[in-house]
Amino acid sequence: MIFGACYYPEQWNSSDWDEDLKIMKDMGLNSVRLAEFAWGLMEPKEGKFDFSLFDAVLDRVQKAKMTAILGTPTATFPPWLYKKFPEIVQISKDGVVRGIGTRRQACFSSPAYRNATERIVTAMAKHFGNHPAVSGWQIDNEPGHEGSDVDYSPLALKNFRLWLKKKYKTLDSLNKRWGNIFWGVLYSDWSEIPLPGAHVASNFNPAMIQDYYRFQSDELVSYIHFQADILRKYTKGKPLTTNLFPSPFLPVTDMQELFQKLDYVSWDNYPVWGNQQTPYPHPLVSMTQQYTRGLKNQNYTVMEQFSGVQGHDTLGYLPPPGQIGLWLTQAIVNGANQIYFFRYRTARFGQEQLCYGILDHGKRLTSKYFELKDTIQKISEFADDVKDSHHKAEVAVYFDIENSRNYKHQPLSDGLKMNPVPFAQVGYDIELATWFSGTNVLNANTHFLSVNTDVDLTQYKVITLPLYTMFDPLFVEKVDAFVKQGGTLVLGYRAGIKDQDHWMVESPVPGVFSKMAGVEVFQFEAPATDRVGIQMGIWPLKGNKFCEILEPTTARVVAKYRDRKKFYSGKPVITRNSWGKGTVYYVGTSLTPESMVLFYRRVLKDASVSFQFLGSEVERQVREGKNYNYEITMNHSRSYKIAGFSILKPFEVRIKKIQK
């Protein structure tokens, strides 16, 4: 198992380097990540390269018997490049030019930026590609983060029109498939098509916005693949990755497609950040880690693991003793096989001087250092045993990038809107995390996969499809076969009613799933965050965000609305239908997290999936290793908790070895 740190030797004196590496080694670290923001240092003038600093550092890394992942430094660029080519920056939806002085400004549609990228990446690859200390490459840094996944610049507009022309061939085809007869927006020349930018009132055509998001995804994907091709040419046998970031669907980018040319997925694991007063709930953190694992359906790397309080302008929650060690272990339990802590030592200057690392601004060893060192020592045997083993599960929750994009510009309900920062609309993320929590809190190992993942569905007993409004007929066929062969499908509200051109189908909700689910829906409302009462047998549940009134055709009723404020009290909200040898549950509302757990108790029991509820803050997973199997129990609470016959201390992790 590799443990490492993000290290910025260019921010310190050369006299610090040897001591820094020794401190890392003493802690149990054996690798570093370098150079992802060092373009201006390595190419101080156009075409003039100076790699001497990193030559000296890599020689020391090798001497210390450590390894290094090198980052291509394209997430920020030197001022001379912007001065020569001012068109290389993005423009925001509101018309703000993302000028020099910050990061992630680059316009991926800019030929000048691609040329400059090719020059620096080629030079780095040729120079460092065969260095024995270099174990791999990270391309760019958090591509698409901070709103850089969308661009409204003139170059983006030019490329969008070319992308549309390639897809639709003719304007007649585009007008028909977008439904431009609506409001009479019929384009007669490609140059008439705008970008769907800021607007005063009514939005642009949803089919147009969906295509714009697809285009922007293709631009970023092709940019990362462009760098991958260069690195493959000059750095034989060195694995390639890039690092993703919370929240999974914050960008419109198809990350599964992005990783097709890369060797493994990396994730930046920040369970709390900035001014948050509490960490993310542990099911959300596990979901994001399973998202990362699921993109290539293989174990992953944490390229930035939380080690200290983080923020750019404001700070918030301080993890109590034991919690950062717990978060480290949780990542490994969910499939991480490399962990790099962010960061080794806290910067004394710049925009991230409030992003605390293992060490603070000086070199005094901190409580964080000792906690992480102790955790590494305690879990190393387990980590080494499972690092090459597949994470197994009988349950899977499925997501879809097309529906993630759809719910950004057409969120359906105020309850599905979530804008923690101006560039983020993550209501889809929160909703899917709520569904994921149902089985995670019941401690049934659960995968989180894209509908485009090439896996045999029959390895699962239960699959869940939340917010699957836009449908792919091929995946619908795959799900249909899964159920007929004996599987259990849990289908969420508003399913199966919109095709890939963004047209609504003529049949009632749940559209293409109507026969499979044995139900139809003609009436519905969006109560936002108001909670609506539901009764499932003896269990009172709550729903919110969206409420459908179900009309069963062949399904039997599992739960009904029970709310005196609603005229549809007594009407069905959850149904169960037999389909072939299998079962389809249809859930016509967004259940609250507590209600989701009660609902999935029934689903898992009926599907013969083992589960064990240990409380809302205790997580248990099972893993298979090369030598042993393991039961890992994690207390995510600051209180003592009873887990079976054990009492767990606050933030305690217990790893139980089981003979194979």
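The values are calculated or read from the model by the stated rules, or taken from the named source; none is laboratory data. Bear in mind the structure is a predicted one, so any value in this text is a computation, not a measurement. As a convention, Cβ positions derive from the backbone with ideal geometry for all residues, glycine included, and neighbour counts pool all protein chains shown. For accessibility, only protein heavy atoms count, side chains too; no ligands or nucleic acids. Shrake-Rupley method; radii C 1.70, N 1.55, O 1.52, S 1.80 Å.
Tabulated data for the structure shown
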{"item": "Members of segment 125-141 found to be crowded, with 21+ Cβ neighbours inside 10 Å and either part of a loop (DSSP other than H, G, I, E, B) or among the charged types (D, E, K, R) (or both), listed by number", "result": "Ala133, Ile139, Asp140, Asn141"}
{"item": "Boolean, Thr458 is in contact with a helix residue (DSSP H, G or I) (Cβ under 7 Å, 6 or more places away or on another chain) and either under 16 Å from Met596 (Cα atoms) or open to solvent by less than 10 Å² (accessible area, probe 1.4 Å) (or both)", "result": "no"}
{"item": "Near pairs, Cβ below 9 angstrom, 6+ apart or cross-chain, from segment 440-451 (over 20 Å from Thr633 (Cβ atoms) and at pLDDT below 95) to any residue that is assigned to a loop (DSSP other than H, G, I, E, B) and hydrophobic (A, V, I, L, M, F, W, C)", "result": "none"}
{"item": "Residue satisfying all of: in segment 217-250; out of contact with any strand residue (DSSP E or B) (no Cβ under 9 Å at 6 or more places or on another chain) and open to solvent by less than 10 Å² (accessible area, probe 1.4 Å); nearest to Phe182 (Cα to Cα) among these", "result": "Ser217"}
{"item": "Cross-chain or 6+ apart pairs with Cβ under 9 Å, segment 198-209 first and farther than 17 Å from Tyr152 by Cα, then of a type in the set (Phe, Trp, Tyr) and part of a loop (DSSP other than H, G, I, E, B)", "result": "Ala207/Trp503"}
{"item": "Filter pass, Gly40 being of a type outside the set (A, V, I, L, M, F, W, C) and more than 24 Å from Thr346 (Cα to Cα)", "result": "no"}
{"item": "Lone qualifier among Phe513, Phe522 - being in contact (Cβ under 8 Å) with a residue 60 or more places away in the chain and farther than 18 Å from Leu432 by Cα", "result": "Phe513"}
{"item": "Filter result for Phe342 (at negative phi, surrounded by fewer than 17 Cβ atoms within 10 Å (Cβ to Cβ) and aromatic (Phe, Trp, Tyr))", "result": "no"}
{"item": "Candidates Ala201, Ala207 - the one that is of a type outside the set (D, E, K, R), closer than 26 Å to Val421 by Cα, over 14 Å from the mean Cα position of the chain (by Cα) and modelled with pLDDT under 95", "result": "Ala201"}
{"item": "Boolean, Tyr585 is of a type outside the set (S, T, N, Q), surrounded by 21 or more Cβ atoms within 10 Å (Cβ to Cβ) and more than 19 Å from Glu431 (Cα to Cα)", "result": "no"}
{"item": "Residues satisfying the stated conditions in segment 147-167, i.e. open to solvent by less than 10 Å² (accessible area, probe 1.4 Å) and of a type in the set (Ser, Thr, Tyr)", "result": "Ser148, Ser153"}
{"item": "Every residue from segment 594-611 that is surrounded by fewer than 18 Cβ atoms within 10 Å (Cβ to Cβ) and either under 25 Å from the mean Cα position of the chain (by Cα) or part of a loop (DSSP other than H, G, I, E, B) (or both)", "result": "Glu594, Ser608, Ser610"}
{"item": "Residue among Thr74, Thr122, Thr117 that alone is modelled with pLDDT of 95 or more, assigned to a helix (DSSP H, G or I), open to solvent by less than 20 Å² (accessible area, probe 1.4 Å) and under 25 Å from Thr241 (Cβ atoms)", "result": "Thr117"}
{"item": "Filtered residue count, segment 484-535, keeping only those that are in contact with a Cys (Cβ under 9 Å, 6 or more places away or on another chain), surrounded by fewer than 20 Cβ atoms within 10 Å (Cβ to Cβ) and not hydrophobic (A, V, I, L, M, F, W, C)", "result": "1"}
{"item": "Unique match (being at negative phi and open to solvent by 10 Å² or more (accessible area, probe 1.4 Å)) among Gln351, Gln310, Gln305, Gln330", "result": "Gln351"}
{"item": "Hey, Phe423 in a loop (DSSP other than H, G, I, E, B) and not acidic (Asp, Glu) or not", "result": "yes"}
{"item": "Helices (runs of 4 or more DSSP H) enclosed by segment 426-544 - at least 1 residues per element that are under 22 Å from the mean Cα position of the chain (by Cα)", "result": "427-440, 473-484"}
{"item": "Residue that is nearest to the chain's Cα centre (by Cα), among those in segment 612-655 that are under 19 Å from Glu594 (Cβ atoms) and among the charged types (D, E, K, R)", "result": "Glu619"}
{"item": "Qualifying residue in segment 172-195 (condition: part of a helix (DSSP H, G or I), among the hydroxyl-bearing types (Ser, Thr, Tyr) and open to solvent by less than 20 Å² (accessible area, probe 1.4 Å))", "result": "no"}
{"item": "Hits in segment 243-282 (condition: of a type in the set (Phe, Trp, Tyr), more than 12 Å from Phe306 (Cβ to Cβ) and assigned to a loop (DSSP other than H, G, I, E, B))", "result": "Phe245, Phe249, Tyr264"}
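The rows are residues; the columns are (1) closer than 25 Å to Pro196 by Cβ; (2) among the β-branched types (Val, Ile, Thr).
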site	(1), (2)
Lys408	yes, no
Leu416	yes, no
Val426	yes, yes
Leu457	no, no
